[in-house]
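Just so you know, all these numbers are worked out from the coordinates, no wet-lab data involved. In this text the structure is predicted, and so the values were computed from the model without any measurement. Don't worry about glycine lacking a Cβ; one is built from the backbone with ideal geometry, like all the others, and counts go over all protein chains shown.
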Amino acid sequence: MRRLAVPLEPLLPLFHRLNREHFDGTLAPDGRPLVALRWSDGRLTRTAGLYRRGWRADGSDLCEIVLSRPLLEPLPREATLSTLCHEMIHAWVDRVLEEREVHGPRFRGRMEAINRSQPGFKVELRHRYPLPREAARWIARCPRCAHEAAYQRRRRGLACRRCCERFHGGRWDPSCLLVFEPRSAA
């Protein structure tokens with residue numbers, strides 16, 4: 001049974017609210033955002049959101065936050081706020097602080113400050129939102145702990161993070177390699 005999609009909330013008002021509350025307005029000087037915002041066209045299915053900066057094919061500047069329509073649409077509003085805020089921290093570190101880091105000390109410091117300042121949602125380094133099973137072609141199972149994860153593509157060399165952290169001090173180990181099976185066999 002296919003469920004009716006609820007229209008997604010516009011991102012710009014959420015962006016401006018979070019910018020005022022957690023970034024002192026620095027991500028939109030004079031009311032104009034330093035980044036473009038958009039919902040994905042449906043193809044972003046492995047991550048809840050992304051921040052990217054670079055150059056378009058025509059040579060123009062590319063700086064945008066993209067949120068995953070398939071992953072966030074069925075989840076509560078807090079998931080959208082958390083993901084948007086996470087990506088806004090990336091933009092803040094890059095565009096305002098002009099630093100090159102992914103989840104480094106500046107990112108973590110701002111994330112912790114935001115989490116302490118409000119109870120509405122929690123910003124995390126990694127989101128653990130469920131991938132809709134119907135979007136996944138493969139199911140990966142850990143041979144040690146039997147944890148399952150859905151994947152769109154089969155990936156070589158992936159190991160279970162939990163088991164690598166638990167049994168190998170966080171280092172990759174071949175004993176934790178994920179076993180991929182077609183979803184139809186699951």
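Could you estimate the translational diffusion coefficient of region 1-96 from the Stokes-Einstein equation, with Rh from the Kirkwood formula over C-alpha pairs, at 25 °C and 0.890 mPa s, in whole µm²/s? Intermediate results must be reported in sequence, preceding the final value.
Details: Rh = 14.0 Å.
Stokes-Einstein gives a translational diffusion coefficient of 175 µm²/s.
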ARG46-VAL179 pseudo-label distance in nm [points 7 Å out on the Cα-to-Cβ vector]
2.3 nm
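Where does the longest stretch of the chain lie that holds no GluC sites (Glu not before Pro) found in a DSSP loop with 15 or fewer other Cβ atoms within 10 Å?
Details: sites that count: GLU98, GLU99, GLU101, GLU124.
Result for the longest clean stretch: 1-97.
Per DSSP H run of n ≥ 4, the term is -39500 (n - 2.57); total these for the chain, divide by its residue number, and report the mean residue ellipticity at 222 nm rounded to 500 deg cm²/dmol. Each step should come with its number before you reach the end.
Details: 5 runs with 52 residues, N = 186.
Computed ellipticity for the chain at 222 nm equals -8500 deg cm²/dmol.
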Taking every pair of Cα atoms in region 136-185, average 1/r, invert it to obtain the Kirkwood radius, and report Rg/Rh to two decimals.
0.99
Which one of HIS147, GLY54, GLN118 is farthest out on the positive end of the charge dipole of the chain, using unit charges on Cβ (Lys, Arg +1; Asp, Glu -1) and the Cα centre as origin?
HIS147
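Longest span of the chain, sites excluded, free of trypsin sites (Lys or Arg not before Pro) in DSSP loop with at most 12 other C-beta atoms within 10 Å? Intermediate values should be presented prior to the final figure.
Values: sites that count: ARG2, ARG3, ARG43, ARG56, ARG100, ARG126, ARG128, ARG153, ARG155, ARG156, ARG171.
Answer - 57-99.
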Given charges of +1 on the Cβ of Lys and Arg and -1 on the Cβ of Asp and Glu, with all other atoms neutral, how large is the dipole of region 11-117 about its Cα centre, in debye to the nearest 20?
200 debye
Separation of region 116-178 and region 28-67 by C-alpha centroid, Å?
25 Å
Taking the chain as the reference, fit the longest principal axis to its C-alpha atoms, fit the long axis of helix 105-117 to the helix C-alpha atoms, and give the angle between the two in degrees, 0 to 90, nearest 10.
80 degrees
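Provide, as a two-decimal number, the C-alpha radius of gyration of the chain over 2.2 N^0.38 Å, N being how many residues it has. Spell out each step's value before the answer.
Details: Rg = 18.4 Å, N = 186, 2.2 N^0.38 = 16.0 Å.
Cα Rg divided by the expected 2.2 N^0.38 Å: 1.15.
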Given the options PRO174, PRO74, PRO33, which has the most mean-square fluctuation in a GNM of the chain, springs set between C-alpha atoms less than 10 angstrom apart?
PRO174
Helix 77-91 against the longest principal axis of the chain: what's the angle in degrees, Cα atoms only, rounded to the nearest 10?
70 degrees
Pick from LEU67, LEU97, LEU34: which is most flexible by mean-square fluctuation in a GNM of the chain where alpha carbon atoms under 10 Å apart are linked?
LEU97
